[in-house]
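These notes concern the structure reproduced below.
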Amino acid sequence: MTKRQDPSFLVLGAGMSGILAGIKLKQAGLHDFEILEMADDVGGTWRDNTYPGLACDVPAHNYDYTFEHNWKWSGLYAKGPELKAYFKYCAERYGLMPHVRLRHCVEDIRRVDGRWQVRTTDGAVRSADVVINAMGFLCHPRMPDIPGLADFGGALFHSARWDHDVPLDGRRIGVIGTGSTATQITVALAERASHYSLFQRTAQWVMPAMELERPGPLKQLHRFLPGYANAVGKLQGRLLEQVARGVTGDSHWTMRVLEHLCRRHLAKVRDPELRAKLTPDYKVGCRRLILSDGFYDAIQAPQAELVDTGIERIEAGGVRTTDGRLHELDVLVMATGFHALDYTYNFDVVNEQGTSLRETWAEGAEALRGVAVAGFPNYFMLVGPRSPVGNIGITSIAESQMGYLMTLIDELRTGRARAIDVRPEAQAAYARYLDDGLDKTVWGSGCVGWYLDKRGKPIIYPYNPTVFRRAMREPDLNEFQLA
Ligand code: NAP
């Protein structure tokens, strides 16, 4: 890269944050970029997940981009297909499709002679001055290590790889897991099955979602009064941020309200034995809260069964639990989550000194403000390690981080730097700052789940949204080495 020549970019992933990155680069007049997407369409998680009942449990006006609010959401929460359509619409509206390379799965990233070389599984190698990894953390489904998976005689698939050829009505359906995904599937399928078995390893706190279908007149209001969407979004955003203040330890009364709402919701379960099975043994909010109006009704349907006995193995006929019982099934769904914390799951990043990012992060990933990692100049991330994924809407996180990155990118663009690297001492100080905040959050209160990394440390940013946004307003260039 010569001085005053615009840098080139490779954006990895065409989901919510990759599309955002493309839009912001384009708006800044930076046109030399490609977006590499492993799948055959844009849309990220909303393209991959197509399971019955798929919806977003963050209010729609807090999940869409702040600069592209006027969307025709059907309710307070957007359904999966609406979100897929929305992100595709944004990619098209902002002219990104010519930059998108579909079916380009990244295999290896190396820094050679001051540029990043990205090899995809088709063997092609592209190079650019800057890589923006926007792959997110929910792209690689996690199959459980239960013995006998291959022996099952019926249809078996992961929730993020739904097989729509498999009939569901009137069949014996089993779902393993009790996260947000399994909860939504339960609401959609318990009534349709002849018998529905939900295999629970850990009970979850479930908050009422207070879902509303938006009546026609409100939709019209929304279309003709652009300020309305913003006002609704702001109000919902305030409520969400109050929840974040609770879980990060800044508002005890919020935690009391959340606990009250969850316990009152749980009281809808009439059978005391079932209620006891569904009652978590950890604090509300310690694991990601489930939002669902219909879950407790669905699990109390006559044909539904909550199985909390451990799974021993999977057999041709169904799931054998440790009490010796065989739960006979036609369809078995693994709602068992993703390799969420494995940021280098299917590729490695190697710098000019031969240092591997996978090895650097072997014991746990650290990055300055979730976007940049010492030793890997011009390799940036959106919603990277220790971003505030447990307390702020993910689109809002990506927007703040992209704004921060655009200021760094300006340093490259104006020729003040050719490479921007994080100072190791700044990254270490930032990690200590995050560690110091963990004690007062609910995540450190003794539960297990995917929020914890290999060190047993919650990987979530522990401060409230106001602190995060203030810090992300602009980078402190003293935390970086500009070469
Ligand atoms: P998840 O939250 O990681 O839950 C996975 C579930 O599978 C857990 O209940 C886990 O049990 C269980 N499990 C895993 N391995 C198992 C095994 N070997 N035996 C028995 N049970 C096993 O996954 P998810 O529900 O797909 O959610 C993933 C992420 O997507 C979460 O952040 C979630 O909130 C998000 N999501 C968001 C929305 C939305 O509307 N915004 C919708 C769906 C999902 P343990 O708890 O005991 O580990």
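The values are calculated or read from the model by the stated rules, or taken from the named source; none is laboratory data. Remember, predicted model here, so these are calculated numbers, not experimental data. Here the Cβ is made from the backbone with ideal geometry for all residues, glycine too, and neighbour counts use every protein chain on show. The area values use the complete protein model at the heavy-atom level, side chains included, leaving out ligands, DNA and RNA. Shrake-Rupley method; radii C 1.70, N 1.55, O 1.52, S 1.80 Å.
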Which value results when the Cα radius of gyration for the chain is divided by 2.2 N^0.38 Å?
1.00
Relative contact order (percent) for the chain, with alpha-carbon contacts under 8 angstrom and 6 or more residues of separation?
20 percent
Shape category assigned to region 337-417 from the gyration tensor of Cα positions, a/c cut at 1.5
oblate
Can you spot the lysines whose alpha carbon is less than 22 Å from Lys283's alpha carbon? Ignore those fewer than 8 places along the same chain.
Lys268, Lys440, Lys454, Lys457
To test your reading of the geometry: what angle, between 0 and 90 degrees and rounded to tens, separates the Cα axis of helix 424-438 from the longest principal axis of the chain?
30 degrees
Quick one: order Lys88, Lys457 from most to least accessible surface, probe 1.4 Å.
Lys88, Lys457
Using a 4.7 Å cut-off between beta carbons, which cysteines in the chain end up with no partner cysteine at all?
Cys56, Cys90, Cys105, Cys139, Cys262
At a probe radius of 1.4 Å, what is the per-residue accessible area of Leu221, in Å² to the nearest 10?
70 Å²
Accessible heavy-atom area order of Asp40, Asp250, highest first, probe of 1.4 Å
Asp40, Asp250
Exposure of Leu10 as accessible area (Å², to 10), given a probe of 1.4 Å and all protein chains:
0 Å²
Can you give the net charge of the other residues whose Cβ lies under 12 Å from the Cβ of Leu36, counting K and R as +1 and D and E as -1?
0
Simple Cβ-charge dipole of the chain, Lys/Arg +1 and Asp/Glu -1, about Cα centre, in debye nearest 20
1180 debye
Cα centre as origin, Lys/Arg/Asp/Glu Cβ charges: region 147-280 dipole, Debye
460 debye
State the percentage of accessible surface on region 285-397 attributable to carbon and sulfur atoms; use a 1.4 Å probe and exclude ligands, DNA and RNA.
45 percent
Keeping all protein chains in position, work out how much accessible area Ser127 exposes to a 1.4 Å probe, and write it in Å² to the nearest 10.
60 Å²
Expressed in angstrom and rounded, the centroid-to-centroid distance over alpha carbons for region 431-446 and region 250-273 is 24 Å
For Cα pairs less than 8 Å apart in space and 6+ apart in sequence, what is the mean separation divided by the residue count of region 1-102, i.e. the relative contact order in percent?
34 percent
For region 150-280, rounded, prolate or oblate, judged on the Cα gyration tensor with a ≥ b ≥ c (square roots of eigenvalues), a/c < 1.5 rounded, else prolate if a/b > b/c?
oblate
Can you order the peptides 56-68, 428-440 by their average number of other Cβ atoms within 10 Å per residue, highest first?
56-68, 428-440
Count charges around Ser356 for me, please; just the other residues with Cβ under 11 Å from its Cβ, Lys/Arg as +1, Asp/Glu as -1.
-1
